[in-house]
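Since the structure comes first, as structure tokens, the remarks are kept for the end.
The values are calculated or read from the model by the stated rules, or taken from the named source; none is laboratory data. None of the values given here were measured: they were computed from a predicted structure. Cβ coordinates were reconstructed from backbone atoms using ideal geometry, including for glycine residues, and neighbour counts include every protein chain displayed.
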Amino acid sequence: MAVADLARRLGHDVALAARRVGARLALPRERGFWLLLRLAPPLAEQRLPSLPFGREPSTSLLDVLQTLYAAAEDPQVEGVLVRLAGAPRGWSKVMSLRRALERLRERGIPVVAYGERLAPEDLLVASAASRIWLPPSGSVFLVGLRAEGVFLRELLERVGVTPDVVRVGGYKTAGETFVRDSMSPEQREQSEALLDDLYGALVDGLARGRGLTPAEVRDRIDAGPYTAPAALEAGLIDACLYPDELEEALEQVALAPPDERPGPRRIRLVDAALYGTLRARDGGFRLLGELPRLAYVVAAGTIHGGRAGYGIASDSFRELFERLRRDAGVRGIVLRIESPGGDSLASDLLWRALRVAQRDKPVVVSMGDVAASGGYYLAAAADAVLAEESSITGSIGVVGGKVHLERLYERLGVGRDGVERGARAGLLSDSRGFTADERAVVRDEMEAVYRSFVERVAEGRGLDPGVVERSARGRVWSGARARELGLVDALGGPLEALREARRRAGIGEAERVVLELHPRRPRFGGLRLLSGLAGAPQR
């Protein structure tokens, strides 16, 4: 065993032993307890580094889901109190959280949701609970859903800016912000379809959670918004309580077991973040034997070349995929994609790196709120693709162009002049628009990229290119529609993707596994920066 590997395992085991000791000291042992889960936006895809003794340690969607999953299997957990200070931004996160709370209820564990002002996303999460409580002065802002865009054509025209946009795919409408004053028919069509799917998920979820019919939910949406007393009367919540009344109300929910009856029992609340640290991340001791490992890779942001900057840097992620491919201890990869796309070349290079890794070990994609365009390009390389029904995906198309600033320069009194060699030397100049010849060559290049995109999807999804073409043309789809079209395999979130990766890697459900989070971030980034300024070597 290599010294470095031994040190890594020893460090893991020491940390695990410390957590287990901490659990014995921090968690009640003689009887059960309730978890207090605080939800507030934003709920990040990846836990951020934090300094020790920080007031608000960072958490992530995966942290919360793992904590709730562990709680559902823990006989000491008697209930969960969810304090809503705003739902996490993004409907896919809402769906994943809601499913985790429903799982608790299926196992007979009561869940109580308490908030002050509930938007539709908050209410959808809360509707998975056994009870929803608000203060008497609270409100439920349930008024339906609206999707709208911003259009800048007239503003740009006023300042002398002329966008020159080229697109391949009639539904590839990202450039319309700059060249139109309102939605095109294609944009309106796909926006209507997406909103229909999302509205349907909202209605169905509220109906199931609140014991109403879909028609009754739609009526209540049309009659919103609500004060807390009005929401109580409408059956959207269960009680109006001030925060100081929560403990007594929870005691009524937490009935004592038969050997301690009659009456309710006094509850004990344990912070869910603490519980998750002590219980949910216990992969078992590793010094005497290596446990199977799964890599959970978060790819969030715009796809671009190089290795620096925010988003998904192609060089950095390609190197990461190659390291994971070569690491025999990593049995599978879950790629969590939260990206609207980006640079086509960088997307293709990442697709290739992921495809190479997929030859040696299973790769499963979990889609966040958006995994479209280049984000879906990456997903096409995986063995399996999972999305929430509200995830936005597809957008198999290409858009690009440049801005023409000649009139703006004239207004500002800026002269622009130059000389050229070559018929297309000015193709990227912002002092004029495309010539007919330049526009044709740009379109030819984009059509080549589009054909490659369709071929990649057809190959990865095992579909005929003609079938993919009918789902392409730049159109975006909800996860539910994408499943019907064969663009995704199943509906689910991060935990379902991890289970699928375990299955494909041949790891049993009861077998312990180590989950490695990537890309890894320095825990004390600020201290590292200071050491760099002092002259310490950097990597």
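What about PHE453, is it over 34 Å from the mean Cα position of the chain (by Cα) and surrounded by 18 or more Cβ atoms within 10 Å (Cβ to Cβ)? Show your work before the answer.
Working: over 34 Å from the mean Cα position of the chain (by Cα): no; surrounded by 18 or more Cβ atoms within 10 Å (Cβ to Cβ): yes.
Spelling it out, it is not the case that PHE453 is over 34 Å from the mean Cα position of the chain (by Cα) and surrounded by 18 or more Cβ atoms within 10 Å (Cβ to Cβ).
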Would you mind stating whether LEU515 is modelled with pLDDT under 95 and either part of a strand (DSSP E or B) or within 23 Å of GLY374 (Cβ to Cβ) (or both)? yes
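When region 129-140 is examined, which residues are found to be buried (at least 24 other Cβ atoms within 10 Å of the Cβ) and more than 11 Å from VAL82 (Cα to Cα)? I'd like the intermediate steps shown before the answer.
Here is the first cut: in region 129-140, the residues buried (at least 24 other Cβ atoms within 10 Å of the Cβ) are 129, 132-134, 140.
Listed by number, the residues that qualify are LEU134, VAL140.
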Between residues in region 110-138 that are outside the structural domain of LEU65 (by TED's automatic domain parsing) and residues that are hydrophobic (A, V, I, L, M, F, W, C) and crowded, with 17+ Cβ neighbours inside 10 Å, which pairs lie under 7 Å by C-beta distance while being six or more apart or on different chains? none
Sole residue being crowded, with 17+ Cβ neighbours inside 10 Å, out of contact with any Phe, Trp or Tyr (no Cβ under 8 Å at 6 or more places or on another chain) and of a type in the set (A, V, I, L, M), chosen from ALA346, ALA353: ALA346
Given the condition among the polar types (S, T, N, Q), within 30 Å of SER96 (Cβ to Cβ) and assigned to a loop (DSSP other than H, G, I, E, B), answer yes or no: does some residue in region 393-410 qualify? yes
Leading residue by the ranking (modelled with the highest pLDDT) among those in region 265-299 that are charged (D, E, K, R) and surrounded by fewer than 20 Cβ atoms within 10 Å (Cβ to Cβ): ASP271
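Within region 449-507, track down each residue that is part of a helix (DSSP H, G or I) and of a type in the set (S, T, N, Q). Write out each step before concluding.
As a first pass, look at region 449-507 and keep what is part of a helix (DSSP H, G or I): 449-461, 465-471, 479-485, 494-505.
Hits for region 449-507 are SER452, SER471.
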Regarding VAL334, is this residue in a strand (DSSP E or B), crowded, with 24+ Cβ neighbours inside 10 Å and either modelled with pLDDT under 95 or touching a Phe, Trp or Tyr at 6+ places or on another chain (Cβ under 6 Å) (or both)? yes
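Take region 374-408 and flag every residue that is hydroxyl-bearing (Ser, Thr, Tyr) and either within 24 Å of ARG153 (Cα to Cα) or without any contact (Cβ under 8 Å) to a residue 60 or more places away in the chain (or both). Break it down into steps so the answer makes sense when it comes.
Filtering region 374-408 for residues hydroxyl-bearing (Ser, Thr, Tyr) gives 376-377, 390-391, 393, 395.
Scanning region 374-408 gives a single hit, SER395.
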Kindly list, by first and then second residue, each pair from a residue in region 243-257 that is closer than 18 Å to GLY108 by Cβ and in a helix (DSSP H, G or I) to a residue that is at pLDDT 90 or above and not charged (D, E, K, R), limited to pairs with Cβ atoms under 8 Å and residues at least 6 apart or on different chains. LEU250/TRP34; LEU250/GLY79; LEU250/LEU81; LEU250/VAL112; VAL253/GLY79; VAL253/PRO110; VAL253/VAL112; VAL253/SER130
Looking at region 213-235, which of its residues are without any contact (Cβ under 8 Å) to a residue 60 or more places away in the chain, exposed (fewer than 15 other Cβ atoms within 10 Å of the Cβ) and under 22 Å from ARG146 (Cβ atoms)? PRO214, ALA215, ASP219, ALA223
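Can VAL403 be described as at pLDDT 95 or above and hydrophobic (A, V, I, L, M, F, W, C)? Steps first, please.
Working: at pLDDT 95 or above: no; hydrophobic (A, V, I, L, M, F, W, C): yes.
No, not satisfied.
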Subset of region 314-331, residues in contact (Cβ under 8 Å) with a residue 24 or more places away in the chain and either under 20 Å from the mean Cα position of the chain (by Cα) or part of a helix (DSSP H, G or I) (or both), comes to SER314, SER316, PHE317, ARG318, LEU320, PHE321, GLU322, LEU324, ARG325
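Yes/no matrix, rows are residues, columns are (1) surrounded by fewer than 16 Cβ atoms within 10 Å (Cβ to Cβ); (2) part of a helix (DSSP H, G or I):
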residue	(1), (2)
MET95	no, yes
ARG99	no, yes
LEU124	no, yes
VAL143	yes, no
LEU156	no, yes
VAL165	no, no
GLN187	no, yes
ASP197	no, yes
